[in-house]
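Taking it in order: structure first as structure tokens, then the write-up.
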Amino acid sequence: MITTPLIDDDGAAFWEAAGSGRLAVQRCGACETPRFPPRPMCPACRSRAVIWTTASGYGELWSFVVAHPPLLPEFARFAPYPVVVVELEDEPGLRVVGNVVAAPDAPINSVDPATLRIGLPVRAVFAEIAPGVVHPRWMPA
Ligand SMILES: [Zn+2]
């Protein structure tokens, strides 16, 4: 079984963009503050206005952990594997959680966590993890 994202109204544009190989950034329609994950209200000004822009897809590792069991059975078979937090190059302060992989469709344990370091340049890649569900992931740039 593949766990797929729950696509709600707030995140639909993010997933739609991922489906066409773009990393979308939700931002406030009033003050333009970017935010992740997508949500209905701006944390800076409380506006509910939303606009979407496309990020370059480049960033650097801001932090990471190495996941070990206990994990959901679907993920336990890949352990240990890194889970990363990437700060986007063109959106300083905006951080996205994900996995780092050796190739777009490689398993989430395809990069040895010992090779990762804070500040490692990465770029977004996209993989269809289930029919019609495209996930952004990260590869060393
Ligand atoms: Zn705002």
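Coordinate-derived values only; no laboratory data. These numbers were taken from a predicted model, which means no experiment stands behind them. Note: ideal-geometry Cβ built from the backbone for every residue, glycine included; neighbour counts use all protein chains shown.
Structure above, values below:
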quantity: Condition check for PRO82: under 27 Å from ARG27 (Cβ atoms), in contact with a helix residue (DSSP H, G or I) (Cβ under 6 Å, 6 or more places away or on another chain) and buried (at least 16 other Cβ atoms within 10 Å of the Cβ); calculated: no
quantity: Positions within segment 32-47 being outside any loop (DSSP other than H, G, I, E, B) and without any contact (Cβ under 8 Å) to a residue 12 or more places away in the chain, in sequence order; calculated: none
quantity: Residue under evaluation GLU16, criteria (1) within 16 Å of the chain's Cα centre (by Cα); (2) of a type in the set (Asp, Glu); (3) closer than 18 Å to ILE108 by Cα, criterion not met; calculated: (3)
quantity: Filter pass, ASP9 being among the acidic types (Asp, Glu), exposed (fewer than 15 other Cβ atoms within 10 Å of the Cβ) and within 18 Å of PRO136 (Cβ to Cβ); calculated: no
quantity: Residues within segment 48-58 that are more than 16 Å from the ligand (Cβ to nearest atom), part of a strand (DSSP E or B) and exposed (fewer than 14 other Cβ atoms within 10 Å of the Cβ), tallied; calculated: 1
quantity: Of all residues in segment 115-128 being among the β-branched types (Val, Ile, Thr) and surrounded by fewer than 16 Cβ atoms within 10 Å (Cβ to Cβ), the one that is farthest from ASP105 (Cα to Cα); calculated: ILE118
quantity: Members of segment 24-71 found to be among the aliphatic types (A, V, I, L, M) and under 11 Å from GLU91 (Cβ atoms), listed by number; calculated: VAL25, ALA55
quantity: Residue that is farthest from ALA124 (Cα to Cα), among those in segment 32-42 that are of a type outside the set (Ser, Thr, Tyr) and within 8 Å of the ligand (Cβ to nearest atom); calculated: CYS42
quantity: Pick from segment 12-31, criterion part of a loop (DSSP other than H, G, I, E, B) and surrounded by 13 or more Cβ atoms within 10 Å (Cβ to Cβ), ranking: nearest to the ligand (Cβ to nearest atom); calculated: ALA30
